[in-house]
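See structure below.
The values are calculated or read from the model by the stated rules, or taken from the named source; none is laboratory data. Here the structure is a predicted model, which is why all the values come from computation and not from measurement. FYI the Cβ positions are ideal-geometry reconstructions off the backbone, even for glycines, and counts take in every protein chain you see.
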Amino acid sequence: MGNDGYKPWWAIDKEAWREKFAVFYKLTSITEGHDQPLPPWSEKDIEEFQNSDPVYGTQLKLVRQGATIANVGALAGGLVTAAIAWKYSHSAVGAVGAFAGGAVVGWALAEEGASLGLGLYKFDCMDTNLKFLSWWEKKHH
């Protein structure tokens, strides 16, 4: 049975594991070594970034539009399911649970629709946000 190529699931490919958890490493790179958090930004600052970086600025605009669509979808899904649950059960606990479930489903559907409609699947949204955060950090530190 010598070397049949078998490896346990946790030792298959360390590089693959690093890729799966890259989000945490990327976010850590922004927050490391700072005593104070970055100051809040405004719409004017986002427009300035969009004008200064034609590639990531355009992507950031699309990402923000997608987030707005997903938030509206979550709110609509939550309100509709809560209203239906309240109409048929008159249970506050049921309506709250239905709101939570409807918000999650509404967010997921709206986020996928925004991803397809706006073309967010064509680029890495996390990298776009990190480019903005690194630009913001350079501007204020």
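Summed over the range 96-123, residues that are closer than 23 Å to E19 by Cβ and surrounded by 13 or more Cβ atoms within 10 Å (Cβ to Cβ) total 5.
Being part of a helix (DSSP H, G or I) and at pLDDT below 95 holds for only one residue in V55, V93, and it is V55.
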